[in-house]
1. Just to be sure, is residue 159 surrounded by 21 or more Cβ atoms within 10 Å (Cβ to Cβ), under 19 Å from the mean Cα position of the chain (by Cα) and at pLDDT 70 or above?
2. Which one of these does residue 120 not meet: (1) modelled with pLDDT of 85 or more; (2) surrounded by fewer than 20 Cβ atoms within 10 Å (Cβ to Cβ)?
3. Whether any residue in region 10-23 is under 25 Å from the mean Cα position of the chain (by Cα), at pLDDT below 90, farther than 24 Å from residue 158 by Cβ and assigned to a strand (DSSP E or B) is what I want to check.
4. Kindly indicate which of 74, 56, 48 is of a type outside the set (Asp, Glu), in contact with a Lys or Arg (Cβ under 8 Å, 6 or more places away or on another chain) and either modelled with pLDDT under 70 or outside the structural domain of residue 134 (by TED's automatic domain parsing) (or both).
5. Can you tell me which residue in region 124-145 is surrounded by the fewest Cβ atoms within 10 Å (Cβ to Cβ), limited to those that are of a type in the set (Gly, Ala, Ser) and within 15 Å of residue 271 (Cα to Cα)?
6. Of the residues 29, 71, only one is farther than 27 Å from residue 123 by Cβ and in contact (Cβ under 8 Å) with a residue 40 or more places away in the chain; which?
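The values are calculated or read from the model by the stated rules, or taken from the named source; none is laboratory data. In this text, all values refer to a predicted model and were calculated from it rather than measured experimentally. When we count neighbours, we look across all protein chains shown, and the Cβ atoms used for this are built from the backbone with ideal geometry, even at glycine.
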Amino acid sequence: MGAADLTSTTLSAALNATDRIFLVASSTGILAGDKIVVEDEMMHVIAVPVAGTLEVQRGTNGSAPSAHTIGTAVYQGDEDEFGPQAKYEGKYQTRAGTPPGGLPKYPVALGTVKRDALGNEYVFCSYANLVYAQLPVTISEVYDAAVLGTTGRGRVGVVAEEGSSDQGGWVQVYGRCLMQIGASGVSPSDAANGPTTLSTSVATRFYLGPSQSTPIAMGWVSDQGSTSDAVSRYYVNGISIATDASMGDVSLVTSAASHTGSRVAVFLNYPYIIYDERHGSSV
């Protein structure tokens, strides 16, 4: 499906696990037969008795009824928007992490694309292995997100929700975000490279590391690079240093929860891997 914002309102009162009729800040646009999602619970709207009141069937589509506090977001959509719980290799997905702003916690269908209030775009993927927030990953044709390799083709995104194998989460493909950088032979503090100097006079090109090391991220070269800058010909188009990036955005990340590396503010424009024979040395 194409990119869309989920319509949302909020709970006007706390909701117990057994409540079937409850108040929302606005019921505008919500109709009998719609699906709504509150945190990790999906509900089926039976009726809208009066404005601001919903009557629902609780815990539908494999989710479980649970308590929700006043002010919690209520997302509304039809079956096509939410789809079934995301499945991967015949198993129900376990949701990972905390979603980026404006997106539901409920596991929507793999391949679902959504935009947040700032216009950033995300695709819901299954994780093939352990991934960390702000880590660049490849996205397969079946929406399987995996850590970068030393070679490859296809789409790239940046993880918005860290998670492990057989979990699913949102991966950003468009807009501004912080992205982990670093690859074998590349020092995150190397002042000759664009991400640390934030140079506006030459472009910064990102490429796949010639070998995997912590972090499993990307290397970079200023302008077109040379054989001394990169030993990989696998470049990533569609990632540039954010125009509003400041030196504070370039920082060392040492938390065990996110792995050691450097990060920089970038702008994603549906990035993808290419093989460029004109630059780099033989691989």
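1. Numbers: surrounded by 21 or more Cβ atoms within 10 Å (Cβ to Cβ): yes; under 19 Å from the mean Cα position of the chain (by Cα): yes; at pLDDT 70 or above: yes.
Considered against the rule, which asks whether it is surrounded by 21 or more Cβ atoms within 10 Å (Cβ to Cβ), under 19 Å from the mean Cα position of the chain (by Cα) and at pLDDT 70 or above, residue 159 comes out as yes.
2. With (1) modelled with pLDDT of 85 or more; (2) surrounded by fewer than 20 Cβ atoms within 10 Å (Cβ to Cβ) applied to residue 120, the lone miss is (2).
3. Within region 10-23, the subset under 25 Å from the mean Cα position of the chain (by Cα) is 10.
From what's left, at pLDDT below 90: none.
So far as region 10-23 goes, no, none of its residues is under 25 Å from the mean Cα position of the chain (by Cα), at pLDDT below 90, farther than 24 Å from residue 158 by Cβ and assigned to a strand (DSSP E or B).
4. Values: 74 fails: in contact with a Lys or Arg (Cβ under 8 Å, 6 or more places away or on another chain); 48 fails: in contact with a Lys or Arg (Cβ under 8 Å, 6 or more places away or on another chain).
Going through 74, 56, 48 in turn, the sole match is 56.
5. Here is the first cut: in region 124-145, the ones of a type in the set (Gly, Ala, Ser) are 126, 128, 133, 140, 145.
Retained after the next criterion (residues that are within 15 Å of residue 271 (Cα to Cα)): 140, 145.
Values: 140: 13, 145: 27.
By that ranking, first place goes to 140.
6. On the way: 29 fails: farther than 27 Å from residue 123 by Cβ.
Only one candidate qualifies: 71.
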